[in-house]
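Since the structure comes first, as structure tokens, the remarks are kept for the end.
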Amino acid sequence: MMDAYICGNKAKKDNSTTPFNLTITALVHRRYLQIPANSHGTLPTGVPLHPSIMAPVENVDIDSKHSSSRFVKSSTSLSERISRLRAAVQLLVSASEDVISAWEADPSSVIFEPGALLGVPSHKLYNARQTIEGAVGTCLELVQDPRQRLLEMTYQFHDARALHIAAEARIAEILDKGDKDNGVSIQSLGDQTGIQKQKLMRILRTLCSNHIFAEVSNGFFTNNYVSDQLLNNEPFLAYIICPPSTGYDACVKLPEYVFTNQSESNNRIPFQLARGSDQTLFEWLEQPIVLPDGTRSARPELEMLALSMVGIGRVQGPPLHLDYPWDELRDATVVDVGGGIGGMCIDLSRKYPDLKFVVEDRPSVVEQAPEVWQQEHSAALQAGRVKFIAHDFFTEQPIKNAEIYHLRYILHNWSDQDCIRILSALVPALGPTSRILISDQVVRTTCASQHFKVAPYPLLANYGFAHRFIHQMDLVMMSQVNGRERTSEELEVLAGKAGLEVARMCTDYMQ
């Protein structure tokens with residue numbers, strides 16, 4: 001597994017540090033990046049390059065099994081189906097042994113403390129996890145009645161709804177305070193949540209069949225390894241609860257949008273159709289609500305969203321701590337563009353005590369930041385290592401010549417034209433040593449690509465099941481904000497149109 005470092009049209013390679021479906025893309029202005037073919041580590045301006053940017057990358061060798069034979073066609077012969085099933089099972093067994101070996105070598109790789117900042121698995125463990133997920137998907141494709149598969153998928157949204165209800169009712173916390181061996185009765189759970197017990201039991205049994213919670217005896221429930229993650233973890237819990245408030249009604253309007261709207265403009269997207277309004281999600285979040293007594297208050301969804309960004313950052317953020325040489329920046333300034341309350345900066349500030357941070361976002365968001373920092377890392381706040389600035393990232397960047405301008409989960413919220421505007425607004429601020437870091441998920445398709453390492457046969461090229469979350473988020477972006485998750489090639493095109501070039505791209509899939 002390799003990372004990709006792209007300079008102009010020349011691709012470079014290095015040992016990868018981050019095995020996650022997340023890309024860090026480092027952009028510089030073209031006037032600061034003109035690297036000759038035989039460069040030995042220094043930009044013409046004298047800016048040192050990361051040493052791993054030197055060696056050329058080979059094209060991925062894609063054999064015939066990496067294309068049409070990765071899925072079951074109507075014409076697939078019985079012998080081919082048997083061959084694929086055997087190959088998938090062999091992968092499943094082999095990858096399972098890799099996981100077991102990793103667990104035995106490092107027990108912390110399987111023990112997730114609720115609320116803790118998760119570590120980054122080894123490449124071997126991460127690859128094994130992906131392979132197992134992909135192999136399970138392939139086995140289901142081969143052996144499950146396809147009609148049953150389609151029926152299950154038709155009603156899968158109810159699984160998510162059950163999780164939202166359990167999270168909002170704080171079921172995991174109630175179970176954690178009860179009898180962990182014998183479980184808590186559905187009667188007690190109903191009394192403590194105010195939910196009628198038969199309704200609640202049906203919700204929990206739906207989740208138990210999805211391996212979330214456990215029914216230890218008839219009508220008695222307890223937490224399991226998965227539901228434990230809902231404990232002592234308010235930011236992550238917020239991320240679980242937050243989507244229904246803005247996403248479900250938008251999802252209902254997705255078919256109408258797809259079938260009737262042929263443009264990619266920001267108008268009349270599913271979120272707006274659901275509310276009969278031209279307001280964007282962000283405008284709607286900032287609009288105060290009128291309380292029963294006539295007073296106005298901020299929408300509760302606004303605070304929930306800010307907290308949820310901290311939660312998802314702690315799940316997907318740790319790799320970003322390794323993908324970029326933050327320690328080499330010493331006392332440099334990192335500008336977190338559209339950084340919310342600065343969730344990632346909190347974590348970086350703990351690990352790199354010399355770094356300074358500027359967190360930029362809308363006024364209604366950054367005004368919440370000091371309180372969160374006071375709770376999470378008051379020392380950095382008191383030392384003056386972090387500043388909060390209300391800034392519209394469509395306008396010119398006010399902080400000049402910073403070493404890093406970081407956009408984490410920003411571009412996926414916006415259309416291509418808006419992304420070009422956002423990147424272009426940073427260009428006047430860039431100095432000779434400035435870098436723009438884009439941290440976003442990278443989309444892979446089930447077709448083989450010369451740019452990515454493909455999954456082993458007979459799995460889908462992008463590991464199938466293991467890549468579902470990225471596609472789900474892509475549809476969330478389409479429904480709520482007219483944004484999108486992008487391929488690496490699409491990110492390069494955006495950079496070029498903003499007068500920037502990709503200097504380095506890191507992803508677990510790239511060669």
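Taken together, the values in this text are just the output of simple stated rules run on the coordinates, not laboratory data. These figures come from a predicted structure and were not determined experimentally. No Cβ is skipped: glycine too gets one built from the backbone with ideal geometry, and neighbour counts run over all protein chains shown.
Data overview
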read-out: Loop chymotrypsin sites (Phe, Trp or Tyr not before Pro), segment 262-332 (other Cβ atoms within 10 Å of the site Cβ: 11 or fewer; DSSP); value: none
read-out: Hull shadow area, averaged, segment 347-503 [alpha-carbon convex hull, nm²]; value: 11.3 nm²
read-out: Distance between segment 172-242 and segment 340-401 - C-alpha centres, whole angstrom; value: 36 Å
read-out: Mean separation of Cα contacts under 8 Å (6+ apart) over length of segment 331-409, as relative contact order %; value: 43 percent
read-out: Qualifying trypsin sites (Lys or Arg not before Pro) for segment 343-415 [loop in DSSP, other Cβ within 10 Å: at most 13]; value: Lys400
read-out: Square roots of five times the Cα gyration tensor eigenvalues for segment 246-396, Å; value: 34, 20, 14
read-out: Candidate aspartates and glutamates - alpha carbon under 12 Å from Lys199, same-chain residues fewer than 8 apart omitted; value: none
read-out: Long-range HN-HN contacts of His391 with modeled amide H, under 5 Å; value: Asp361, Arg362
read-out: Segment 370-442: Rg to Rh, with Rh as the Kirkwood radius over Cα pairs; value: 1.02
read-out: Diffusion coefficient, µm² s⁻¹, Stokes-Einstein with Kirkwood Rh over alpha-carbon pairs of segment 206-297 at 37 °C and 0.692 mPa s; value: 196 µm²/s
read-out: Gain in span if fully extended, Trp103 to Glu80, counting 0.36 nm per residue against the direct Cα distance; value: 4.8 nm
read-out: Low-density loop positions, chymotrypsin sites (Phe, Trp or Tyr not before Pro), segment 90-184 - DSSP coil, at most 11 other Cβ in 10 Å; value: Tyr155
read-out: Straight-distance crosslink candidates among aspartates and glutamates, where the alpha carbon sits under 13 Å from Lys180 and sequence neighbours closer than 8 are dropped; value: Glu215, Asp228
read-out: nm² value of the averaged projected area, convex hull over the Cα atoms of segment 267-334; value: 8.0 nm²
read-out: Convex hull per residue volume in Å³, alpha carbons only, for segment 101-236; value: 146 Å³
read-out: Hz values of 3J(HN,Hα) by residue in segment 333-350 - Karplus curve (6.51, -1.76, 1.60), Gly and Pro given as x; value: 9, 10, 9, 8, 7, x, x, x, 8, x, x, 5, 5, 4, 5, 5, 5, 6
read-out: Dmax and Rg, reported as Rg then Dmax, of segment 415-474 (C-alpha, Å); value: 16.5, 49
read-out: Long-range tail of P(r) for segment 121-190 (Cα pairs > 19 Å, %); value: 63 percent
read-out: Alpha carbon Rg of segment 313-399, scaled by the compact-globule rule 2.2 N^0.38 Å; value: 1.03
read-out: Too-long pairs where the Cα-Cα distance tops 21 Å, listed order kept, from Lys124/Lys453; Lys356/Lys400; Lys197/Lys253; value: Lys197/Lys253
